[in-house]
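Structure incoming, see below.
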Amino acid sequence: AIVPSDPTLQIYYDASLDTNFNPTPVSGDTFTQWYDSSANAHNANPIGGATTRPAWWTNVQCGLSAVKFDGTSDGLSVNPLTSIASITGFTAIVLGKLVNTGTTQQFITSGIGNVSTNNSNLRLSGGTFVVGAANGLAQTSQIADLNPHMWTMVFDGTQSTNADKLKFYIDGVQESLTFLSNVGTSTNASIDTLYIGVDRTGTSSFRYYYGGFIYEVLL
């Protein structure tokens, strides 16, 4: 069970209830804010105007609702979110379901100013998963599919090896990682944003739009 008052819980976006959104939607409606159900009120907002807003859909999985990202323009940002800066460990969890695996898609990523940074990064690329923390990057051999999953990334900068510092799980099963760069001991001190469903490359430049459903995001 998720305890919203848990002081280690920095964000908790739960799509199952319409009351977690502003304005309160009916199925198919877009929204202007996804409320943080943790004690921190780190609410998520669309990256731009009306054309960048994901939609809330009912009865998507196990009778529960989800947020639908269109894969072409939708994305959310959480700003400010400085609590993920200069930390030596975190666990990031995304529950969702892709609708295609043929494009590069961003699940979550941290940002500094108007640019994403590889300090808490989960992405689909070339049909496999890319995870990153503390400027380190790794890739799985596991091929993504269109089934619902829980994707979990665990960073512990106090450990000594890349394999111990960064781990990735699908539905609780640890996946093997090929490291592309070394994982540091802590996240960047300047992180101030978290992006959901999109990667950012400049003031008004975005890419790697997520296409599919997201049920929950926790950090």
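The values are calculated or read from the model by the stated rules, or taken from the named source; none is laboratory data. Small disclaimer: the values here were computed from a predicted structure and weren't measured. Note: ideal-geometry Cβ built from the backbone for every residue, glycine included; neighbour counts use all protein chains shown. These area figures cover heavy atoms from the full protein model, side chains too; ligands, DNA and RNA do not enter into them. Shrake-Rupley method; radii C 1.70, N 1.55, O 1.52, S 1.80 Å.
Calculate, for segment 1-60, the solvent-accessible area per residue in square angstrom, rolling a 1.4 angstrom probe over the heavy atoms of the protein chains. Let's see the in-between values first.
Values: 3000 Å² over 60 residues.
Dividing the accessible area of segment 1-60 by its residue count gives 50 Å².
Related question: Got a sec to turn the phi values of segment 46-63 into Karplus ³J(HN,Hα) couplings, 6.51 cos²θ - 1.76 cosθ + 1.60 with θ = phi - 60°, whole Hz, x for Gly and Pro?
Couplings: x, 6, x, x, 4, 7, 10, 9, x, 10, 9, 10, 8, 6, 8, 9, 6, x Hz.
Could you report segment 65-219's accessible area per residue, 1.4 Å probe, as an integer in Å²? Could you put the intermediate results ahead of the total?
On the way: 5710 Å² over 155 residues.
The answer is 37 Å² per residue.
Residue-wise, which Karplus ³J(HN,Hα) couplings in Hz belong to segment 188-197, taking 6.51 cos²θ - 1.76 cosθ + 1.60, θ = phi - 60°, and x for glycine or proline?
For segment 188-197, the Karplus curve yields 4, 6, 9, 4, 9, 8, 10, 10, 10, x Hz.
Now for a separate question. Amide H to amide H, which residues 5 or more places from Ala39 or on other chains are under 5 Å from it, using H placed in the peptide plane?
Here the answer is none, since no amide H 5 or more places off falls under 5 Å of that of Ala39.
Something else now. Using alpha carbons only, what's the Rg to Rh ratio of segment 153-219 with Rh from Kirkwood? Don't skip to the end; give the middle numbers.
Details: Rg = 14.6 Å, Rh = 14.7 Å.
Looking at segment 153-219, the ratio lands at 1.00.
Hey, what do the phi angles of segment 128-137 turn into as Karplus ³J(HN,Hα) couplings, whole Hz, using 6.51/-1.76/1.60 and θ = phi - 60°, x for Gly and Pro?
Values per residue, Gly and Pro as x: 10, 9, 10, 10, x, 7, 6, 6, x, 9 Hz.
Next up: Return the single residue from Ala41, Ala92, Ala134 with maximal mean-square fluctuation; model: Gaussian network over the chain, springs between Cα atoms under 10 Å.
Among Ala41, Ala92, Ala134, the largest GNM mean-square fluctuation belongs to Ala41.
Let me ask something else about it. If you roll a 1.4 Å probe over the chain with all protein chains in place, what percent of the accessible area is carbon or sulfur?
Details: 4520 of 9040 Å².
That fraction is 50 percent.
Sticking with this one: Say each of Asp6 and Asp164 gets a label point 7 Å from the Cα, pointing the same way as Cα to Cβ; how far apart are those two points in nm?
The answer from the label model is 2.5 nm.
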